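The values are calculated or read from the model by the stated rules, or taken from the named source; none is laboratory data. Just so it is clear, the model here is predicted, and its values are computed rather than measured. Methodologically, a virtual Cβ is constructed for each residue, glycine included, from the backbone with ideal geometry; neighbour enumeration extends over all protein chains shown. For accessibility, only protein heavy atoms count, side chains too; no ligands or nucleic acids. Shrake-Rupley method; radii C 1.70, N 1.55, O 1.52, S 1.80 Å.
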Amino acid sequence: MMRFPARLMRGVSAPLGATWDGLGVNFAVFSANALRIDLCIFDPSGRREIARFELPERTDEVWHGYLPDARPGLLYGYRAYGPYEPLRGHRFNPHKLLVDPYARALQGQLRWSDSLFGYRISSPRGDLSIDRRDSAPGVPKSVVTNEAFNWGDDRLPRIPWERTVIMEAHLRGLSMRRSELTPVERGTFRALADPLLIDHLLRLGITTLELMPIQAFVKDRFLLERGLTNYWGYNTLAFFAPHAAYLAEGSPHEVRTAIRRLHAAGIEVILDVVYNHTCEGSELGPTLCYRGLDNASYYRLVPEDERHMINDTGCGNTLNLSHPRVLQMVMDSLRHWAVDFHVDGFRFDLCSTLGRESYGFDQNCGFFDVLRQDPVLSNLKLIAEPWDPGPGGYQLGNHPPGFAEWNDRFRDTVRRFWRGDGLQRGDLAARLSGSGDIFDRRGRRPTASLNFVTSHDGFTLMDVVSYSTRHNDANGEGGQDGHSENFSANWGVEGPTDDPPILAVRDRLRRAMLATMFFSQGTPMLLAGDEFGQTQDGNNNAYCQDNGTAWLDWSLAGSPSGQTMIDFVARLVALRKARPSLRWNGYLHGRRETMPGLSDIAWYGPDGTVMTTDSWNDAAGRVLGVLRSVADAWNGPDTTYLIMNAGAEDADCTLPPIPGTWTLLLDSANPNRPPGAAPDGGQGSTYLGAGLPAEGQGGQNPSHWIVPAHGAVLLGFTPRTKI
């Protein structure tokens, strides 16, 4: 057992956190308003406090001390002394053990009790009272770590944005129902590193895996009391530590091993990170870390009413990124994951909050400025969720260059068009061409639009075509949580059915929506499980469903329909990668020609004529064709024609009047139809356009193409160079 000195040595104020130097550990923690901070050391079980030291020095509001002979694996926490004056925003309570904000690992789960709160819950004075019970038995202990890891020849894949295909996934949900894995491996990073999962991603053509929160988070008390839990993880306790339940054997190196194996397969890893709020909730929440260290610095408080917290996030509190030390913590955390874990980028939850100063959202706020100039972070993939519940929180298109943004306009328009809503073709055209009406400014490119039809937040793709309304009763909130408008339809029966015609329509629409997404300019994102028909039984807010509702059902992937869908998605991705016109990272305006008479983009109605104002305003129109033609210095023109028919009847579509040869690339309504098949189902490989005769095709009019109901057809075009 370690022998402790009578007092700590002075140590240094940087870096923050617990840093092992081979001879001992330096502890440094920020608090501007504390009067004293104690370091508490615990036995290996974390149950018993075995030593306590006052941090001896304070430098620039950082408290620090050095413990000689301490080693990695040491368990510790802090206690902060200072004024308990909620009316002034101060909530110091030394009876509450505090997690180190810079802890690289945590040991033990949070065990809920009233002692975790800085005030007496039963007191008539509410949070103005003070609770003097020791919270240490229920608080996870911070762990001193050794970050050394053999990365070998690991390199970030550095996939260009225009070739990026993202899959959003929940780490635990990915593997909890993988029967070939051991129970210990399921739901962990060990499973993420399994070759079977990596092979699945490669089969689909996924380049980038975006993981929902894996930073250490807390399970909400109110959910546990209902027999539920916080499954999604948007409830962070420690920004530097991986969630302990995601580690099969408790080592953060399991995260590194998984990332290294994914990188070896050429797959990037992006982390969904939550820096807009913490798990401590409102002023009535527990005291676990930031509130006890310096509530008035770490959080935004209501001006002239500092007892209460600003709640721009809808989660009870808002981190104060206007404070330099809080901003430093966020940036240090990002660099920690980028440098020490080799992650390839970040998706920022409620990013509008991070860009909000006291006067409102600002593209030039401190967070964006610091992030964009950072030599490491600025070169990674940065994705914003461009909204929050706060004032002026919807900021789609208003984030600075360097960010891609989740485009909910794309999601809603694609769903509405394929549901058959009227007057959607104009908005769909903008979404297909990279949403230039939103992003074409400050030198941003179409890939700034992160296009998705489904995400973790909402219906799965199968549920979009199976349910007309949400079915969230299992969440225990009266079924009123989650989005009330999903732009979905059940196509005859609410929920599961064995009716073949209904199933056929649902399958067609799923394929058509995915084809629309992958054949749109921008960055596509697929929700894990949509490639084989995952359902959540109509629950569009499965944040608390750590069970079969939200876990991927891999038996669906092995079914005939699942295999067909997986093959179809792989074809979509392969076509996108093969045809530059489907992933062009420049805005097309129809003002350039790739050859005489062939402009870079043009929109057509079913009659083969260019769309007019009257056509765009035709509420009954359900067919839209887009011809895109691009060329670069290394390749000749690549021209494709995508025709989408959201109607309930087949559409006889006239092809654009340009001379050349049309070749079928994909028919979403007939996924097994081979490329090059004839429009009447025959085996002819091509058709001549512009009314030219098609020899040997049984009289089929070569200037027409039958587009099936609820289907999308993609044609490739080769210009006629001579007659």
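Just how many % of Cα pairs in the stretch 1-77 lie over 21 Å apart, if you round to the nearest whole percent? Of all Cα-Cα distances in the stretch 1-77, 20 percent exceed 21 Å.
If you bin all the Cα-Cα distances of the stretch 117-252 at 5 Å, starting from zero, the percentages per bin are 2, 8, 12, 16, 18, 16, 10, 7, 5, 4, 3, 1, 0. What's the longest uninterrupted piece of the chain once you rule out the GluC sites (Glu not before Pro) that are loop residues per DSSP with at most 11 other Cβ within 10 Å? It runs 305-484. One quarter of the convex hull surface built on the alpha carbon atoms of the stretch 17-162 amounts to 13.2 nm², the projected area averaged over directions. Just so you know, the Rg over Rh for the stretch 505-604 is 1.11, from Cα atoms, with Rh as the Kirkwood radius. Just the protein heavy atoms count here, and of the accessible area of the chain at 1.4 Å, carbon and sulfur take up 51 percent. Orientation-averaged projection of the stretch 393-482 equals 7.2 nm² [convex hull of Cα atoms, one quarter of hull surface area].
What do you get for the angle between helix 560-578 and the principal long axis of the chain? Use alpha-carbon atoms, 0 to 90 degrees, nearest ten. Helix 560-578 sits at roughly 80 degrees to that axis. Measuring max minus min along each principal axis, the C-alpha atoms of the stretch 246-322 give extents of 54, 24, 19 Å (largest first).
Set against the 2.2 N^0.38 Å expectation for a compact globular protein, the stretch 601-680 has a Cα radius of gyration ratio of 1.21. Of the Cα atoms belonging to the stretch 534-658, the radius of gyration and Dmax stand at 19.9, 59 Å.
Based on alpha-carbon atoms, the Kirkwood radius and the radius of gyration of the chain give Rg/Rh equal to 1.02. With q set to 0.18, 0.20, 0.22, 0.28 Å⁻¹, the log10 of I(q)/I(0) for the stretch 557-607, from the Debye formula over equal scatterers at the Cα positions, is -0.75, -0.81, -0.87, -1.03. Counting only residues at least eight positions apart within a chain, or on another chain, the aspartates and glutamates with an alpha carbon under 17 Å from that of Lys577 are Glu162, Glu268, Asp567, Asp632, Asp638. Relative to the longest principal axis of the Cα atoms of the chain, the long axis of helix 324-335 makes an angle of roughly 60 degrees. Remark: the stretch 285-379 carries 31 Å² of accessible area per residue (probe radius 1.4 Å; ligands, DNA and RNA excluded). The residues of the stretch 479-577 present an accessible area of 32 Å² per residue when probed at 1.4 Å with all protein chains retained.
For Met2, Met644, give me the order by solvent-accessible area with a 1.4 Å probe, most accessible first, ignoring ligands, DNA and RNA.
Met2, Met644
Here the alpha carbons of the stretch 373-526 define both size measures, Rg and Dmax, at 17.2, 57 Å. Output the relative contact order of the stretch 241-379, whole-number percent, from Cα pairs under 8 angstrom with separation of 6+ residues. Result for the stretch 241-379 is 25 percent.
Within the assembled protein chains, the solvent-accessible surface assigned to Met309 is about 20 Å², based on a 1.4 Å probe.
What angle do you read, to the nearest 10 degrees and between 0 and 90, between the alpha-carbon axis of helix 195-204 and the longest principal axis of the chain? Helix 195-204 sits at roughly 40 degrees to that axis. Its DSSP H runs of at least 4 residues, each contributing -39,500 (n - 2.57), put the calculated 222 nm mean residue ellipticity of the chain at -5500 deg cm²/dmol, to the nearest 500. Rounded to the nearest whole angstrom, the semi-axes of the ellipsoid equivalent to the stretch 254-403, taken from the Cα gyration tensor as √(5λ), stand at 28, 18, 13, largest first.
If you place +1 on the Cβ of every Lys and Arg, -1 on the Cβ of every Asp and Glu, and leave all else neutral, what size is the dipole of the chain about its Cα centre, to the nearest 20 Debye?
Its charge dipole is roughly 1300 debye.
Taking chymotrypsin sites (Phe, Trp or Tyr not before Pro) as exposed when DSSP calls them loop and at most 15 other C-beta atoms lie within 10 angstrom, the chain has its longest site-free stretch at 395-633. Between the alpha-carbon centres of the stretch 339-367 and the stretch 561-624 there is a gap of 34 Å.
The stretch 281-343 has equivalent-ellipsoid semi-axes of 25, 12, 11 Å, by the square roots of 5 times the alpha carbon gyration tensor eigenvalues, sorted largest first. Note: the stretch 189-281, Cα convex hull, 112 Å³ per residue.
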